[in-house]
Each structure stands twice: as structure tokens, then as C-alpha cells.
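The values are calculated or read from the model by the stated rules, or taken from the named source; none is laboratory data. Keep in mind that this is a model prediction, so the values were computed, not measured. In this analysis, Cβ positions are derived from the backbone assuming ideal geometry, glycine residues included, and neighbour counts consider all displayed protein chains.
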Amino acid sequence: MNSSGAPAPDVRTGPLSGIRVIDLTTVVMGPSATQILGDLGADVIKVESTGGDSMRWVGPNRTDGMGPLYLNANRNKRSIVLDLKDAEDREALLSLLPTADVFVSNMRPQAMARLGLGYESIKAVKPDIVYCLAVGYGSDGPNAGQAVYDDLTQAASGIAGLFWTIDGAPRYAPVNICDRVVGLYLAISIISALHHKARTGEGQEIEVPMLETMAQFVLADHMGGGEFVPPLGPMGYKRLLSRVRGPYPTKDGYLALVVYTDKHWRAFTEMTGQPALLDTDPRFRTQESRTQYAEDMGHYLKENLPQKTTAEWIAALRAADIPAHPVNKLEDLFEDPHLKAVKMFSEMEHPTEGKVKVARFPVKFSKTPATIRCLAPNLGEHTDEILPGRARKRITISKAKTKASIGS
């Protein structure tokens, strides 16, 4: 992205410059992963059906098929349209493999096999390909091959059950957390395999399962006493499962803070006029005791924070080096002083959608910076560019038909 707000020229400076990715992923998890690869410099060719990625239809939008979830997971990609059930179109896809480094899909393995696009078939054309399938469940288990979406994985991995423990009923986190987390694992796995290929010349097959990934992710925090054989106590991290963990109301709003170490607690109890609390109340005495009495710690914070405004608390807490931040609503993110100072957001001109807000790639590289070279493509926008001279089928976008296929 350049200073004028337009996408940067197509000069790939990122660490994956020179890598080509054939991307058959749809919805959220796969596209978020391949966008990371694109931001890091890879040439990502997004292969879509004539109906397009279903996330195109999750609105609002200015143009049919260009909704915000699609726009936010598909920049730095080129879109081609192929009907992979058609032999000619399937051959067109295979013709791209000699120049590709990565082939990635989140279609179910049985569907890939029926299309003749399983690992052995792709490897026969490109022996050193990094072939990656993102799946719901690992291929060795009884659920292998079943369809899955973020909601199902939140339920299966224990995330919805954590709310059950806290609130008495299971519910979903209001963000596609499984898709986003597994997307990170997907990108990491592909980059790791590319590193192996650079060292040895070998490609390989990768399977990234959603349930197994999220089970490991959740249990990293909540193994608790179940870590030990036999168990030493119940599972779960008490501080995270506290019903009064916060955020907490202040005199004029809400505040997130983590009063954690002995130093933090001593400073905070001085602010509330009870400087001897760590010495006189055994619940406050050590980090271990405070974790054991997490509910009581939460009540103490909840009772004392209404004494001051959010701004007054922020000033006092930061002076004492106690981590704290006001609670942002979604629209507040654009005005957050830190995010504004680091130029996290910009307005850019999309060729067909006009002015849109864009969040930059958050990681800084001193030698190989990530760039935004192009915004999310229209359906099939690059078919003729990537497959020149081929007679292309007409792209017919049926909003009603495509909306009916959306599963998340």
C-alpha cells in the first residue's frame, strides 16, 4: 500500500516472493490462511466455481458477490473460474501445476479423490508440490470426511462448553475463532513445508484438521489437574473461568485490567486504600492463593473500580505498570489512539467497490515487508490473464442459489 491510499504496485517484497499457490479454499479458514501467504508475497491463484466462494454473499455489499467477509479474506489474490467436474477445466487447472509450489484445498478428501485431485494425482504432475488439505476431522478417526463449520468446532473442542461452565449454558464466541486459529496453523504448516522443500527439494502432503487443532489450542489453557496421571484436580484454569473475570464497570464505562503479580496487587490495594491486604488476608497473599480464590479477586475489583472514571483508572494503573485498557466496541477500533498511531487502518480504492477500509498486515519485517498489492478480486477477474487463449465458460452469478449453499 502506498501513501496515496492505492494498493502498492505488484512488486512482491515479502518473504514468500516467488512462491505460487493454487488455492481451492472457500469460506473463512482456508481463505484467511492463503491471504496471509499473499500478504507475505506469494502469488495466490484463487480457483472458484461459477457460483463463487459462498462468503461473497455475506453482506452488506455495493456489488453482488463482494461482501465484507470475502473482501477481508481475499486480497492479494487472483481469481479464476473453473468447473472442476468438467474434464477440460480440470485439465486447465492441472496445466498450472508445473509453475506452482503449493496446492491447498478445504474440500472434503472424498470429493478431491472423485475429481482426480488427490495427492497422488497432483504429485504425478508436480512431484515436489506442497499439497495441503484442511479438514474438519483427521483422516484416522471415525468422523473423517464429515462436513464441519466453525460453530460445530466450537462445540466439539470445548469452547462452547467453557461458557456452559461459566454461565450455565453453552454458547458460541461471537467470532469465527476456530476458522481463524486453524487458518493460522494452516499457513504455518505450509510455510514450514516450503522451508523443508527449500532445504531438501522434497514436497509433501499435509493434513490440517480443525477439531484436533482446536482441542490442543483449548487444552493448552485448560488442562488443569487433568495434565497429570492420575488427575490432581479438576480441569480448567480458574482465573479464566471466573464468573467475575471482567471487564469491570467504572464510574463512566468499562475497563479491562489484569492485576496479576504481587507487585501489581500491592499497588492496586494501595489505590483502594487497603495497603495491608496482602499481609492480612491469606486469599491475596500469593499468586497461587489468588488463583484459587479467583472469584473473590474478581469481586474485589468489581466493588472498587466504580470509585473512578475509566480515564482516571487508566492513568493510575499505567503509572503503576498494571496492564489496563478501555473496552472497545467494534466501531471504537478505528479511533483507538494506538491503532491510529501505528496506521493500522487505511482507506483504499477498490476498482469496482470504491473506497473501502483496510487493516494492514500487522507484522513488521525489516528486510521483506508485507504489502497490499491488490484488493479482493471479482469472480473470475483473472481467468483470461492466467489461462490465456482458452474458451472460458460464461460466469453466471445466481445470488439465490449461492446463498442457499452457505453453511456458516
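Mind listing whichever residues of the stretch 174-223 are outside any helix (DSSP H, G or I) and surrounded by 14 or more Cβ atoms within 10 Å (Cβ to Cβ)? Give the steps one after another, and end with the answer.
In the first step, residues of the stretch 174-223 are kept if they are outside any helix (DSSP H, G or I); the result is 174-176, 201-209, 223.
Across the stretch 174-223, the qualifying residues are ASN176, GLY203, GLN204, GLU205, ILE206, GLU207, VAL208, PRO209, MET223.
Are any residues in the stretch 133-167 more than 18 Å from MET214 (Cα to Cα) and touching an Asp or Glu at 6+ places or on another chain (Cβ under 9 Å), and if so, which ones?
None; the set is empty.
Across the stretch 313-359, what is the number of residues that are within 24 Å of GLN274 (Cβ to Cβ) and either without any contact (Cβ under 8 Å) to a residue 60 or more places away in the chain or of a type in the set (Lys, Arg) (or both)?
Within the stretch 313-359, residues that are within 24 Å of GLN274 (Cβ to Cβ) and either without any contact (Cβ under 8 Å) to a residue 60 or more places away in the chain or of a type in the set (Lys, Arg) (or both) number 7.
Mind listing just one residue for me: the one in the stretch 1-59 that is at positive phi and at pLDDT 95 or above and, of those, nearest to the chain's Cα centre (by Cα)?
VAL27
Is it the case that the stretch 301-323 has a residue that's within 28 Å of LEU162 (Cα to Cα) and hydroxyl-bearing (Ser, Thr, Tyr)?
Checked against the condition, which is being within 28 Å of LEU162 (Cα to Cα) and hydroxyl-bearing (Ser, Thr, Tyr), the stretch 301-323 yields no hits at all.
With the checklist (1) within 17 Å of THR34 (Cβ to Cβ); (2) surrounded by fewer than 17 Cβ atoms within 10 Å (Cβ to Cβ); (3) touching a residue at least 24 places away in the same chain (Cβ under 8 Å) in hand, flag the one item ASN143 doesn't pass.
(1)
Could you please tell me which pairs satisfy a Cβ distance under 7 Å, a separation of 6+ or placement on different chains, a first residue in the stretch 31-44 that is in the same structural domain as ASP101 (by TED's automatic domain parsing), and a second residue that is among the aromatic types (Phe, Trp, Tyr)?
ASP39/PHE361
Can we say LYS302 is touching a Phe, Trp or Tyr at 6+ places or on another chain (Cβ under 7 Å), assigned to a helix (DSSP H, G or I) and either in the same structural domain as ARG360 (by TED's automatic domain parsing) or basic (Lys, Arg) (or both)?
On the way: touching a Phe, Trp or Tyr at 6+ places or on another chain (Cβ under 7 Å): yes; assigned to a helix (DSSP H, G or I): yes; either in the same structural domain as ARG360 (by TED's automatic domain parsing) or basic (Lys, Arg) (or both): yes.
For LYS302, the condition - touching a Phe, Trp or Tyr at 6+ places or on another chain (Cβ under 7 Å), assigned to a helix (DSSP H, G or I) and either in the same structural domain as ARG360 (by TED's automatic domain parsing) or basic (Lys, Arg) (or both) - is met.
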